[in-house]
Amino acid sequence: MAGETPAPRATRLSRPLYFRGSIARREVFGAKPWRLPMPARGGVGPSPGFTLIELLVVISIIAVLAAMLFPVFARSREKARQAACTSNLKQIGIALQMYTDDYDGTYPRGQFWPFDGTQLWSVVVAPYVKNTDVFKCPSQGSDPYGYGYNIAYWGAGNPVNGMHGINDAVPVTEPQVPVPAETIWVVDFGPYWGCGLEFGIQDPTKRHNGGADTLFVDGHVKWLQDFPERLWTINDD
């Protein structure tokens, strides 16, 4: 109608403004948004990924390092188990000595009546230990026994030729072992409760880095790889 003021025409400024830096300001004034130019092909741009050869080289290096380090880790773990085994044997040695003291210097036999495997040396000295787990070697695995008692060269009623035999008519006493520091008492052994069967040497189970922890009659524990015959007998070598 005549005399009426026309409504103002909508402009870009009538829309809500969402300021996003310089791009928003350029949109307000009608200019095209400014964008970073994409690098030309072959120019400086994002770094490409690793090539197949580079990946293979990295994998090869990792494999070599793993092959070098895994045996070291395995030996370290076995060293820790060996230390626990040494502790077990020391506790067993104390228990055996306590039994010996209680029985007037008489060492326990490998097994007792009825000689059917139920009354073994470990059974009779069990009351002298706090925990019977000491009779289990940490590296025992599936072996039925952790440690074997020295019954090498046992003979019927002849304790001089053996240490603690099944059929010893006269039990072994402390005066009969002239060199206790060089006479095996208990050793790593898995197949049987006693070691050195069949009138000869049966090698201990070498669980710890190619050797076996060994308890001697004087109470000290030593890691051994070789077991000469003189260590098994109670003869004065």
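The values are calculated or read from the model by the stated rules, or taken from the named source; none is laboratory data. Remember, predicted model here, so these are calculated numbers, not experimental data. Don't worry about glycine lacking a Cβ; one is built from the backbone with ideal geometry, like all the others, and counts go over all protein chains shown.
Being within 19 Å of Thr100 (Cβ to Cβ) and either modelled with pLDDT under 85 or buried (at least 22 other Cβ atoms within 10 Å of the Cβ) (or both): is that true of Val186 here?
Considered against the rule, which asks whether it is within 19 Å of Thr100 (Cβ to Cβ) and either modelled with pLDDT under 85 or buried (at least 22 other Cβ atoms within 10 Å of the Cβ) (or both), Val186 comes out as yes.
Among the residues of the stretch 93-144, those that are of a type outside the set (Ser, Thr, Tyr), more than 26 Å from the chain's Cα centre (by Cα), in a loop (DSSP other than H, G, I, E, B) and surrounded by fewer than 17 Cβ atoms within 10 Å (Cβ to Cβ) comprise Asp104, Gly105, Phe112, Trp113, Pro114, Phe115, Asp116, Gly117, Gln119. Close Cβ contacts (under 8 Å, 6 or more residues apart or on different chains) running from residues in the stretch 218-237 that are under 22 Å from Gln82 (Cα atoms) and surrounded by 13 or more Cβ atoms within 10 Å (Cβ to Cβ) to residues that are modelled with pLDDT of 85 or more and of a type in the set (Phe, Trp, Tyr) comprise Lys222/Phe216.
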